[in-house]
Every structure is written in structure tokens, then in C-alpha cells.
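One structure below.
The values are calculated or read from the model by the stated rules, or taken from the named source; none is laboratory data. It should be emphasised that the depicted structure is a prediction, and the values quoted were computed from it without experimental measurement. Positions of Cβ are generated from backbone atoms using ideal geometry, with glycine treated the same way; all protein chains shown enter the neighbour counts.
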There are 4 protein chains.
Amino acid sequence: MPFIPTKYNHPDFNKPPLSEAPFATFRKVTEDGVLPVDYHATSVYPEYFHLEKAGWRLLEHSRMDCGVVLGKDGSLQAKEFRHIEKGNLVACGRRENGEDGIFVHANGFEPLEQSHDKFSFRTHVSRETSFSVDYDELYNLLNYERENGFILWVLGPAVAFDRDAREAMVRLIDNGFAHGLLAGNGLAVHDLEGALYGTALGREIYSKHPAPLGHYNHLDTINRINAAGSIKDAVRKELVQEGIMHAATKRSIPYVLAGSIRDDGPLPDVIGDVYLAQDKMRSLAQRATTVIALATQLHAIATGNMTPSYQVTEDGHVRPVYFYTVDMSEFVINKLANRGSLTARTILTNVQDFVVTLAHGLQQRQGC
Amino acid sequence: MPFIPTKYNHPDFNKPPLSEAPFATFRKVTEDGVLPVDYHATSVYPEYFHLEKAGWRLLEHSRMDCGVVLGKDGSLQAKEFRHIEKGNLVACGRRENGEDGIFVHANGFEPLEQSHDKFSFRTHVSRETSFSVDYDELYNLLNYERENGFILWVLGPAVAFDRDAREAMVRLIDNGFAHGLLAGNGLAVHDLEGALYGTALGREIYSKHPAPLGHYNHLDTINRINAAGSIKDAVRKELVQEGIMHAATKRSIPYVLAGSIRDDGPLPDVIGDVYLAQDKMRSLAQRATTVIALATQLHAIATGNMTPSYQVTEDGHVRPVYFYTVDMSEFVINKLANRGSLTARTILTNVQDFVVTLAHGLQQRQGC
Amino acid sequence: MPFIPTKYNHPDFNKPPLSEAPFATFRKVTEDGVLPVDYHATSVYPEYFHLEKAGWRLLEHSRMDCGVVLGKDGSLQAKEFRHIEKGNLVACGRRENGEDGIFVHANGFEPLEQSHDKFSFRTHVSRETSFSVDYDELYNLLNYERENGFILWVLGPAVAFDRDAREAMVRLIDNGFAHGLLAGNGLAVHDLEGALYGTALGREIYSKHPAPLGHYNHLDTINRINAAGSIKDAVRKELVQEGIMHAATKRSIPYVLAGSIRDDGPLPDVIGDVYLAQDKMRSLAQRATTVIALATQLHAIATGNMTPSYQVTEDGHVRPVYFYTVDMSEFVINKLANRGSLTARTILTNVQDFVVTLAHGLQQRQGC
Amino acid sequence: MPFIPTKYNHPDFNKPPLSEAPFATFRKVTEDGVLPVDYHATSVYPEYFHLEKAGWRLLEHSRMDCGVVLGKDGSLQAKEFRHIEKGNLVACGRRENGEDGIFVHANGFEPLEQSHDKFSFRTHVSRETSFSVDYDELYNLLNYERENGFILWVLGPAVAFDRDAREAMVRLIDNGFAHGLLAGNGLAVHDLEGALYGTALGREIYSKHPAPLGHYNHLDTINRINAAGSIKDAVRKELVQEGIMHAATKRSIPYVLAGSIRDDGPLPDVIGDVYLAQDKMRSLAQRATTVIALATQLHAIATGNMTPSYQVTEDGHVRPVYFYTVDMSEFVINKLANRGSLTARTILTNVQDFVVTLAHGLQQRQGC
């Protein structure tokens, strides 16, 4: 059956209390990066601001924990504290039900007849949860999103360690199921080591046999990409001829490699300033309609923070953003699931099996 | 490529120190269940006993932590303490290199040129280990064992919770890839609940939607099987028409359901005396040439304890027993991997994905 | 501040729907172990049955997943399926609100003004939850229970592996903070190996240095206790002079050692029939007012199944049973927390540190 | 007993093969950040370079995965790839036994009679390992290091979530057991939220009760510190009057707060460029004689990468660097333990209990 995104229930601004709500208050910032004491902070949900000129207005391209800046043109922007500047007009008021002219629409994507049972269930996902239906829904979703959405992958290094998983990921990219990639130096280096030496951290990627002096392969990979100039250059010069980064580069899939204090090297393409990296990640996240985060606590939480639960499409419709996290640990999964959104799903398994199963399942449905 | 079991390196009894070893000492037991102070305890490895009449003799059907009893006919038997009786002659001596007439052949299945690197690697399996080659080896192994061996499955309840995994397990049984099953009350009840109600612990097995009064399904299943008399009766009467227990029953795959203090009910087929259950489990374990233990710490460790690392085939060859454990937790896996045998392999993943991937991989190789 | 058990809110049987409820239906069992199709199954909560002669009557000594048998004397008993006999009168009806003459009082211990926020919080315990207040509450609770309750410990083997933890556990027993112990063969053998050899699984218990032939100590311990006759005999004969089992034996703390298929030996005191073991465990569990389960998934879940959330004291008051589980894994803890009772608490940590901290904290409060 | 650091076994350069080793080769770098193809990469171990003028020379202030640059003055420096500049002379050669004029002294701190048994043991630490002796050794170590070393703490956010743990950490700082701190934005914000609001992520830090609008406390903390200018300013202005950051600031303990893509805010003191942060972290790491990393995978691995296994003291002695990691997960611990150094120790527990037990244990020994 074809996929249909969950319908959005628009708030009814003609009914009280919203029909009687005051206009939202905006106060002027007096110092860069410092907000008025009663600033309003954004959530992942659709939020509406009651403006004097424009009436109730939905904040587009939101993310968690931002201030909301009113532009001279009447536009609204969710800005991280570090981007708030002296003179900005920032929305103030902390009541989320309209009493401050701000309405946070937390249940816009819930079926109106939502039962309590169902909701409580979602909060108790464990390794013993049945995931067959989640896979099937994901096949439908991705086939839909390939044409109609923007699928953003967040990749931990484990995806590049296993031959079958790496090949499956490449197949997903080649078949149009990836519109953007977020990762770190580790994923890229491991994948490129696979391309240059056929190893992962010095072990032959399939047989796991240690290569002679194999522990140098990791650093040698960085050194050779540095010499080539960039990953793109390395692909162009045919130094790198296969793998995830190769596929993404060949198909011009935009990617952001964000730096961390754990990095060796780093590769020339890695962004060392994490806040600049956040900005670039967010520029992809705010286009995303489906996010799939695989085995990376750091990048998955970071992406979760900057991805709203909704997206406004070009034709003005509000649709949900589906956010999947796949990990082995209930602890990590729970951290990510606490976004409080029905559109967040989690699958507890090894990402190697996940990617292989996913690529195979899509293929069976003629998608891949 | 067709599978060939690792060749066994027989010990050379013509070389010192074995050629000069004394005969093994056997002492008479004076009280049921109490061994002489210097009794010899078995390991998982092939062990040879130097007998006055028969020379060096391999202990067949061994298991860990047993005494070795010399029969009147010169036979050797590994017996659990609880089965040692007054009057038994028990092997004594704790040096394992032949000096006490006992030789523990710990590296009979290792390639003679075994490098240190390789060995150290096997001890560090984690969720980030690459498992593609393990799957491929397993496909080869199971295709070989289907005709030439005895494949014993040890199943935790999680296998029965997921529709695809349950169906894949049934397919494996139907296609000849299971010669025996070990499990507990939980696995059987969950699977039978699936057959009777289409639910697992009260949730529809595929959609996960809660069934009305679904929490009764678990107990109702037990009650109805009790009324039918046994699982076999329930299958015969067509009360149970599908699932893992159904497939095993239909194909006369022997199974042992061992009781635990955690059991509800129990089902009539469950053995309440755990030491009797151990005996019955061991009667299957001692036929096993490959063991696959899925997501069950209790049953996997129990089976590991009673499974030797080798098997003597009907034509007198010594071959390895392959022991796979699949679990989500490094902690559990490490507990199981400490058998100190190269034939023990571990895969860190969700067993749902494991079983589905396995059944699909075997099918692709025309096996399944 | 002194501890006061949460007050119980008795149901009001004079208000509808309870005042208008019919009498409960009891049907005769026609075959041993098989209940009428619409039998009522017990929960962990206080349950009331509307009897023709006696009016609303509270089921005492309940446990999960039992049938309720009406005695000739009008008494009510929660019986496991395996104890239900032909001729028994079993309560029938599955509506829990009184409509079938049965009332399940799920929120008897909740503050009447219970907020939703608070409840949702308790379900999300993780390793990052703050536990200072839980320790403090536990000190108060145990000081109260020492005089007024029955503290039941459920011990996994890890408690006996560490010198400080083992000594702290002994101190807790010696100071009156343990009224019963539930454990398996493993805990007892490891503890007794400590007493006989100063090792745990062959390593010196403090320094962790391997003892010569230390892997025999485990089996030698079993063998020597078998020779002595029982743990009690071994203590009497001064073979065992210290440790947890020694302290419990000396102070006549009742304990149940339940068998499992994983057991070596076993020790003579271990009960091999798990359903008999369940009965003996339940005879302690039904006296318990506080249960503390440490690092044992099997025994903790088993005990949780047989422990109600309430206890009727000698003077007829209804009080809560406090159930603590301490473990390293969110997965295990979540399994245990799903009792759905506010009286279940969990602490995520290593039980070694937990026991040491607990004994020290009680001592500081002059308790220990 | 007083603590004595493990003695260092100096290599004997007068014996072959070292006595016959050639001089190390240094090649000129032709492009910033790109090393000659056969560059030598550093390990965590002491490494010696055979120089024409100075003979065998120990590399001081090493770290993993660096190139080694020979200065004009004959000095040797371990430099990350990103700091290697055109014109640098970089050590080349990958044989570590002296054949290339480079000697990696991997076992300088091992007792010469080191047995195999002992070594294999250290690699199998799990939650069931006994840790009493590790605590005792740590008390001795820290009492020694307080006067004679440099104790560097690496703190994950969990330390600031619990009242008792936070107070214990402050006590450790106040009593001289901390000479440096490494952490991220999260730890600092959580700790400062505790100081400003008495909450952690909006819950009262002890009772865990949710504060009204408590989810704003996290962001409000960042906003108020931003307004104050810096943590130091906030302490000076008495906005922040207690807690970990307060204690460190008051006692002028140097700290580095490294940024990550997960950060909210960030606080003004956080370093956004991760490679600059690495440099600052390393400037503390290279002074460290003991490192204790608590519940932070990212910062612990980062610090592990930049900390050598040895330190050259002011008077020219070579001593070990002790590296402790404390975490709940075998997976994380194993990642960190793979430094291959005997001086790396791990404790599996909740860091809350660890810090409380540690502070209490040191106090009992009159240290704290």
C-alpha cells in the first residue's frame, strides 16, 4: 500500500482560548547572545505566534531550544542563542497555550481519537519489541520519500566496518534513497580506508584478517586524502573508487562531516568549528522529511536537537518529519526517544543487519 | 564453496611426555555424590585417559565440570556430580599434560601455525565487529550440517515475539535446518499464544496493537494447552496450527522445555526438575555438531556447559562442535565466549534480524 | 525523619458502581490444572471479591497470574494454575471494576492528588537518574522494616565476588536488616568458595590473583559441602566460618536456594524442582514487606511475579510492599519495573557499590 | 601502605639489536599537513629515536597517532597531522624494534617476570569483576598524586545530576585531589543549573520533583552566564556560589570545556573549534600523571588518545600515567581499555556511586 504522511490537524484559531489570545510580545535584545529573561524557547513542535499584522503565524524551519526572532519583514526565525544579536526582537512568554500569544501545537499529528494505551506503548521499546511492522512501514515511507521528500542519513562509524552493510548503504545511495548525509571524521576515514586498502582499522573488511602494519592504514588514509586535497579531489583523481563517500560524492549528495575532539587527522573536509558544523547540519536538517540515525549517539542527538517534528512543504502543507534511530542500547535509544514526538521511532538492533535488511526489503518491493 | 569442518590434530602419544606417561588413577567413590579429593574435572576439550588395558582413550560425549567414571567394560563416562554413585571408579589427577595419565587436548582444532594476533582478535568481539563473513560461514556450515550433522537451536522468547522472525524460524525448521530445540516455558507459551490468538503478550504480533483483554491471552494459552493435554495433543487436535512449536511437532524435531522459577503455568510439556531437564538437554547436546543460541542467557549458558567442543562421528572421526551465540549485550556474549574454544562464535545483534537474515541467506544459496 | 509507610486508600463500597455490584461468580474446576474459560487472573494489586455471605472481601497473600479459589470456610486463596484441583471453586469474570463482583484496586497507594507528571517520571529511570534520595529513603525504610517488617533479599552471584560487597552483606545480615534470602546455586557456591578458599571462581577474592589450580575451587567447594551433608552441617562442623551463607545460617535467616539448568553440582541445599522452589520462595515472599533484588534477572523477575504490591499486617492494616531492583542494565530494570506499581523502585548501578554504600549509610545513621 | 609508582625498566641500548641500530631517518615535509609516505606514527608507549648527534633519545610529551618532528635544536616533538608544516623534518620508518632507528618500548612498566595469566585477566573486566582492590589502590594512588603528581579529571554530565555525587566531587576538588578538569558544555551547564536553580534538567536535584517551567532552567542558566560574561565572572559576581565549576574556579583549577555538535548555547567558556580544544586539552593531558574519566565516552576516548602511558618527571625519571575509566557499559569500557597499556584500569559502575565511595574512602584514610 502506498504511503500517506500522517495528516496534520491545524489548530482552530477561531475557538477560545486561541480566539481570545493577545498578540505575542517581542522584546529587543540589548547584548549579543543574551536574551530577555522571559524569552520563549522553541520545541520540536509546530509553534504559532500571534502577530499584530499577520495574525497567527506558523514558525517554519524550527528546532529545539532557540529564540524566535521577528524580522522587519514580519518573518519569524528560530535562532540559536549564539546567533541572537543586539537589536533582535525576540518572542517572550512561556505559556504555551496561547495566553502569551504563543501556541505550541504538540499533538498536531496525533489521530484525534488517540487512545492512551497506544501512547504508553511507544515509550517502552526494547530489544524484545517486534520490529517487522516498523521495517514494512519504513519501506513504504522511503519509497514515498525518494520522490516526495528529503531523506537524511546520520551515520555512525559502524556502518563502514562491515562489508555487507557498507555495500547496502552504497546501494541505498545509488538507488536514490539518500538526499543528505551527516557524519563525523570517523565514518569517513573508515569508509575511505576501505576504499584505499580494503581494510577497516587495519583488518581486511570481510575476512577480518589483520593486514601487515594494518594499524597504519587509518592514518595513511588521512594522509593520502590530505595530499589529494579533499574527498572530492580524491574521487575525481580516482584515488577513491568505491564506498559510501564515493557514492555520495559521485551522486552529489550533500554531506556534512562535523569535527569532534576524538578525531585523528582530521580529513580536510571535516568542519572543526562545531557551531559552524551545527549550522551546516541544520541547513540539511531543515530540508529533511525523514531522518535515519544509525549507531551514533553524538550525531544522532545533535541532529535530533536541530530537527523539528514537522516540515512545511513547498505548497504550504504541514507534514511530519519521521525520525528513526537504530542502536544496540536501550540507554541511547531512550535518550533519543525523549523528543516527545509520535514521529520518532526506534529500532534496537545492530546497524549492520538493519542496513542490509533495509536494502534487501526495498529491493524486493522493486524500489531499490 | 562447500564447508569442511576444521581438521583435528590428533595428539602424538609416541612422543614424550605422553609416551612416558603413567596410567591414570581411578579411585572408588565412598558416598553418593562425593568425589575423591583429587578427582579430575572435565573441560570442553577432548581429553584422553591412559588406561592399563586399552592405552590412551578419548572420552566421548564429554561436557564441562564432570567426573570421569571408568566402567567395568573399560568405558569412560563424563558424569555430573549428582550422578556419581558410591562404588564408581573416578579418574583422579589434576595435571592436564599427561603427567597424571590424563591429557587435555586444548588446541586440537587450531591450525598448527596459529598466530598470536589472530587469537587475540577473537576475544574482542563487539557490536562494531564486522559480521558479514560470519553469516557466510554460517550459511556454508548449515548447508553442510543439514545433511551431515545435528543442528541444535537454543531459543529465547524474543524469537517468538516478531512475526518475521517467527516465520523465518519456522522456515528453517521446515527446510531441515533444525534437528533439535532447547527452550523454556516462555518461548513455548509466547509462540503458542501467537498460534491461538495472533498476539504476543497480548499485542497483535505484527501491528503491536493491544488486543482487548489481551493480557489474558498468555494465561489462556497455558490453560487451553493444559486442557488439551500437551503441545503434541494440541497440534494433533488442530488447536495449534502454525508457529515454531507446531513446526517442530509436525516434523518430529525433538525438543526439551526446561522449567525455571520464572514460569507461569507451566505448560504440561515443561520439565520442572531442572536436573532431569539438564539430563534431557544433554542427551540432545551430545548429538549436536552445531549449536545456535538466540537471546537467552540462561539456556545458552546451560547448553554451553553441557556441550563439548568436539564430537566423535559414527565412523570414529573427531570433529569440532560449532557454537554460535547471538545476543544484544557484550556482557552476555562475553560470559558465553569464555569457553576458551575457537569453535565458539558470537554475533551481536537483535535475534529478530539474525533469524530473518539467516533464513533469507540460506534461501539465496538454494538451501532453504 | 522516621519512615511512615504510604497510607492505603480503602475502596468505598458504598458508592456505585461497587455498591451495586453483583456477587462474584465461582465455577467448579472439572480437571486438575485446567480453569473455567472465563477465570479471573490475579494482579499484584489488592483485589476484592464480592461474596454472598461475607460481602466484599480482600484477597490476602496474593501474587500475579493466579486463579482465586473459594474455600469451604469462605476463605480466598490465590493459587497457581498447577495447584488448581478438580472440584475447586474458581472466581470467574474479567472486568476489574466491580461489574463482575471483582474489584482490582490499582491505585490504593497513590496519593489522591497524584499528578500525571510525577507518574510519567518514574517510568524513565536510567543510569543518569539521580539516586541520592533513593538511598536516603532506603535507609529510613530499612530502619523501619528492621523492627516492623520483613526484609527479603534476592541475591545474584555478583554480591559474593567482591570482598567489600560480601562483607557489607554480612554486616547487613548481622545487624538485623535481612529476614529472608532468595538465591540460586551460584551465589551460594561462590560465597562458600570464598569461605573455604578465599577465592571467587579461582581468583583470590581481594587481589584477584589466580590461585594455583584455582578453577577447581568452585567444584571442590561443592564436593566438600556435599561431603559435609548440607550448608548447615558445614557451618556446624566449622568447615564454613564466614560469609553470607554462614551469617544467614548462624542467625537462622530462612533462605531458599532455587535450582536452574545452569547449575554445577548442585549443592545439597538447592531445590531442583523449580515449582517446589517457587512454592518455598512464595512462602517467604508472602511475608515480605520490602524486597531488594540485586543483579539477578532470573530470581528478581521470579520474585517479582510472586510478590503482591501490598501486605495485610497482623492487625489487619493494608500496607505497601516496597520492591527495589538494582542492576547495571536498563533492559533488565525495565523488565522488572513493568509491575505497574508505584512501590517498585530501581537503582542503576553495580551491586557491589550499592551494598557497600547501603551498609555504610545505615551505619552512619546508627542503624547498622 | 604508601604508594610507589611502578618502576620503569629502561631499554638496554648496549645490547643488540639496539646497539647495532642505524640512525632514525627524518624526511622533509613538502606540504602543510601531509607527511612522507613512510612516516612513523607514535603510540602511547615510550619511544626512542636514534639521533646522529644525541644518540638514543626518549620522546617526551607524546600521544597516539602523531608524527615526530625533529627541531633545529635536536628536540623531538609529537605533532598531530594538522600541525605538521611544510619544511618539518619528520621521523620515518615503521619497524618498532630499532631496525629503523626507532624503538617503541611497549613493556617498560611491566614487571619483568610478568606471567601470561595475569595479562589475559586484565582484558576481561566486566560488571562482575571484583573492584575492592581497585578502590584501595586508587586511594593510595590519589594520596600520592595529590602531593607528587597531576590528577586530571574527565567528567561526563552524570556527575552533576546527583546531589551526593556533585558534593563528593566538590569535596575532592576542595581537598586537593584535582589538578585539572576536562569536560563539555553539558557538564558545566548542568552543574551551573544546580547552582542557580537547585535543579538538574528542571528537576530538583535531590527530590527529583519537577520545578515549575523547569525545562527552561537549562537555557536560562546559559543565558545568565552569557549575560555575566563567563563562568569566572559569574563566580566573581556571586551569581554562582557552589558546585563543581565554582570549586574549580575558586581554587584556580585549570579546565577545558570542549564544544560538540550536541551543545545548546553554548556557555561563553566553551571552545567551539574542536582542534583548538584538543590542543588545550593536551596541554593538561601532557602534565597528567593520573587521569580519571567518568561516564563520558566522547571525552574519555579523546583524552585517552592524547595521553601517553608515561610521563617524564622534572628530575628526569620516567613514570607511568595511570588512566582510570568508570562507566556502566562493557562496550564503552572495552573501547577505552584497548590502549594496550597495563596502566589503564576500568571500573564498571554508576559514576554517582563511584565518586561518593571514592570521596568517602579517601576521607576514612584522612586524605580528604
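Given D:Gly184, D:Gly180, which one is surrounded by 22 or more Cβ atoms within 10 Å (Cβ to Cβ) and either among the hydroxyl-bearing types (Ser, Thr, Tyr) or modelled with pLDDT of 95 or more (or both)? Steps first, please.
Numbers: D:Gly180 fails: surrounded by 22 or more Cβ atoms within 10 Å (Cβ to Cβ).
The conditions single out D:Gly184.
Is there a residue in the stretch D:55-65 that is in a strand (DSSP E or B), under 30 Å from A:Ala228 (Cα atoms) and touching a residue at least 24 places away in the same chain (Cβ under 8 Å)?
Quick first cut of the stretch D:55-65, residues in a strand (DSSP E or B) only: D:55-58.
Pick out the ones that are also under 30 Å from A:Ala228 (Cα atoms) and you get none.
No - not one qualifying residue is present in the stretch D:55-65.
Just to be sure before I move on: is C:Asp100 over 25 Å from C:Arg287 (Cβ atoms), out of contact with any Pro (no Cβ under 6 Å at 6 or more places or on another chain) and surrounded by 21 or more Cβ atoms within 10 Å (Cβ to Cβ) in the structure I sent? Working first, answer last.
Values: over 25 Å from C:Arg287 (Cβ atoms): yes; out of contact with any Pro (no Cβ under 6 Å at 6 or more places or on another chain): yes; surrounded by 21 or more Cβ atoms within 10 Å (Cβ to Cβ): yes.
So C:Asp100 passes the test.
Quickly run through the stretch C:23-49 and pick out the residues that are crowded, with 22+ Cβ neighbours inside 10 Å, part of a strand (DSSP E or B) and touching a Gly at 6+ places or on another chain (Cβ under 9 Å).
Across the stretch C:23-49, the qualifying residues are C:Tyr39, C:Tyr48, C:Phe49.
Six or more apart or on different chains, Cβ atoms under 7 Å: show the pairs whose first residue is in the stretch D:126-141 and facing another protein chain (nearest Cβ under 8 Å) and whose second is of a type in the set (Lys, Arg) and assigned to a loop (DSSP other than H, G, I, E, B).
D:Ser130/C:Lys208; D:Val133/C:Lys208
Being within 14 Å of chain A (Cβ to nearest Cβ), closer than 19 Å to B:Asp269 by Cβ and touching a strand residue (DSSP E or B) at 6+ places or on another chain (Cβ under 7 Å) is the filter here; which residues of the stretch B:142-173 pass it?
B:Leu155, B:Gly156, B:Val159, B:Ala160
What is the number of the single condition among (1) modelled with pLDDT of 95 or more; (2) part of a helix (DSSP H, G or I); (3) of a type in the set (Val, Ile, Thr) that C:Val133 does not meet?
Going through (1) modelled with pLDDT of 95 or more; (2) part of a helix (DSSP H, G or I); (3) of a type in the set (Val, Ile, Thr) one by one, C:Val133 breaks only (1).
So, in the stretch D:190-217, exactly how many residues are in contact with a Lys or Arg (Cβ under 8 Å, 6 or more places away or on another chain), in a helix (DSSP H, G or I) and within 10 Å of chain A (Cβ to nearest Cβ)?
Here is the first cut: in the stretch D:190-217, the ones in contact with a Lys or Arg (Cβ under 8 Å, 6 or more places away or on another chain) are D:191, D:194, D:196, D:205-206, D:209-211, D:213-214, D:216.
Narrowing further to those that are in a helix (DSSP H, G or I): D:191, D:194, D:196, D:216.
When the remaining residues are screened for being within 10 Å of chain A (Cβ to nearest Cβ), the result is D:216.
So the count comes out to 1.
Residues checked against (1) touching a Cys at 6+ places or on another chain (Cβ under 8 Å); (2) within 10 Å of another protein chain (Cβ to nearest Cβ); (3) more than 20 Å from C:Cys66 (Cα to Cα); (4) assigned to a loop (DSSP other than H, G, I, E, B):
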| residue | (1), (2), (3), (4) |
| --- | --- |
| B:Leu219 | no, yes, no, no |
| B:Arg224 | no, yes, no, no |
| B:Leu239 | no, no, yes, yes |
| B:Asp264 | no, yes, no, yes |
| B:Pro268 | no, yes, no, yes |
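So D:Asn14 passes all but one of these: (1) over 25 Å from the mean Cα position of the chain (by Cα); (2) within 13 Å of another protein chain (Cβ to nearest Cβ). Which condition number does it fail?
Every condition holds for D:Asn14 apart from (2).
Can you tell me which residue is surrounded by the fewest Cβ atoms within 10 Å (Cβ to Cβ) among those in the stretch C:8-22 that are part of a loop (DSSP other than H, G, I, E, B) and free of Cβ contacts under 8 Å to residues at least 24 places away in the same chain? Talk me through it step by step, then tell me what you get.
The first filter runs over the stretch C:8-22 and keeps only residues part of a loop (DSSP other than H, G, I, E, B), leaving C:8-17, C:21-22.
If we keep only those that are free of Cβ contacts under 8 Å to residues at least 24 places away in the same chain too, we end up with C:12, C:14-16.
Numbers: C:Asp12: 9, C:Asn14: 7, C:Lys15: 9, C:Pro16: 9.
It comes out as C:Asn14.
Would you say B:Asp65 is among the charged types (D, E, K, R), within 13 Å of chain C (Cβ to nearest Cβ) and under 23 Å from B:Ala106 (Cα atoms)?
On the way: among the charged types (D, E, K, R): yes; within 13 Å of chain C (Cβ to nearest Cβ): yes; under 23 Å from B:Ala106 (Cα atoms): yes.
Yes; evaluated as a whole, the condition is true for this residue.
Can you tell which of A:Leu358, A:Leu276 is at the interface with another protein chain (Cβ under 9 Å from one of its Cβ atoms) and more than 25 Å from C:Val332 (Cβ to Cβ)?
Working: A:Leu358 fails: at the interface with another protein chain (Cβ under 9 Å from one of its Cβ atoms).
Step by step, each of A:Leu358, A:Leu276 is checked, and only A:Leu276 is at the interface with another protein chain (Cβ under 9 Å from one of its Cβ atoms) and more than 25 Å from C:Val332 (Cβ to Cβ).
Has the stretch B:226-246 got at least one residue that is more than 29 Å from B:Asp353 (Cα to Cα) and crowded, with 24+ Cβ neighbours inside 10 Å?
yes
Any residue at all in the stretch B:285-297 that is surrounded by fewer than 24 Cβ atoms within 10 Å (Cβ to Cβ), closer than 18 Å to C:Arg262 by Cβ and within 8 Å of chain C (Cβ to nearest Cβ)? Let's see the steps before the verdict.
Within the stretch B:285-297, the subset surrounded by fewer than 24 Cβ atoms within 10 Å (Cβ to Cβ) is B:286-287, B:289, B:297.
This time we only want the ones that are closer than 18 Å to C:Arg262 by Cβ, so: B:286, B:297.
Right, trim to within 8 Å of chain C (Cβ to nearest Cβ) and you get B:297.
Yes, the conditions are met somewhere in the stretch B:285-297.
B:Val256 - would you say it is surrounded by 18 or more Cβ atoms within 10 Å (Cβ to Cβ), in contact (Cβ under 8 Å) with a residue 40 or more places away in the chain and either in a strand (DSSP E or B) or of a type in the set (D, E, K, R) (or both)?
Details: surrounded by 18 or more Cβ atoms within 10 Å (Cβ to Cβ): yes; in contact (Cβ under 8 Å) with a residue 40 or more places away in the chain: yes; either in a strand (DSSP E or B) or of a type in the set (D, E, K, R) (or both): yes.
Here the answer is yes, as B:Val256 does meet what is asked.
Can you pull out every residue in the stretch D:62-112 that is under 19 Å from D:Thr30 (Cβ atoms), in contact with a Ser or Thr (Cβ under 9 Å, 6 or more places away or on another chain) and not hydrophobic (A, V, I, L, M, F, W, C)?
Of everything in the stretch D:62-112, those that are under 19 Å from D:Thr30 (Cβ atoms), in contact with a Ser or Thr (Cβ under 9 Å, 6 or more places away or on another chain) and not hydrophobic (A, V, I, L, M, F, W, C) turn out to be D:Gly67, D:Lys86, D:Gly87, D:Gly93.
Within the stretch C:174-186, is even one residue within 14 Å of chain B (Cβ to nearest Cβ) and in a helix (DSSP H, G or I)?
So in the stretch C:174-186, the residues within 14 Å of chain B (Cβ to nearest Cβ) come out as C:182-186.
The next check asks that each one be in a helix (DSSP H, G or I); those that pass are C:185-186.
So far as the stretch C:174-186 goes, yes, one or more of its residues are within 14 Å of chain B (Cβ to nearest Cβ) and in a helix (DSSP H, G or I).
Taking the condition of being outside any loop (DSSP other than H, G, I, E, B), touching a Gly at 6+ places or on another chain (Cβ under 9 Å) and not small (Gly, Ala, Ser), how many residues in the stretch B:66-103 meet it? It would help to see each step written out before you state the result.
Kept after step one, since they are outside any loop (DSSP other than H, G, I, E, B), are these residues of the stretch B:66-103: B:67-70, B:76-79, B:81-83, B:89-92, B:97, B:102-103.
If we keep only those that are touching a Gly at 6+ places or on another chain (Cβ under 9 Å) as well, we get B:77-79, B:81-83, B:89-91, B:102.
Subsequent filtering for residues that are not small (Gly, Ala, Ser) retains B:77, B:79, B:81-83, B:89-90, B:102.
Residues meeting the conditions: 8.
Which condition number in (1) surrounded by fewer than 15 Cβ atoms within 10 Å (Cβ to Cβ); (2) within 27 Å of A:Ile225 (Cα to Cα); (3) under 28 Å from the mean Cα position of the chain (by Cα) is the one that D:Ser75 fails?
The single condition D:Ser75 does not satisfy is (2).
Within the stretch A:302-324, does at least one residue satisfy the condition of being crowded, with 20+ Cβ neighbours inside 10 Å, more than 8 Å from chain D (Cβ to nearest Cβ) and at positive phi? Working first, answer last.
Within the stretch A:302-324, the subset crowded, with 20+ Cβ neighbours inside 10 Å is A:302-311, A:320-324.
Applying the additional criterion that residues be more than 8 Å from chain D (Cβ to nearest Cβ) yields A:303-304, A:306-311, A:320-324.
Subsequent filtering for residues that are at positive phi retains none.
No.
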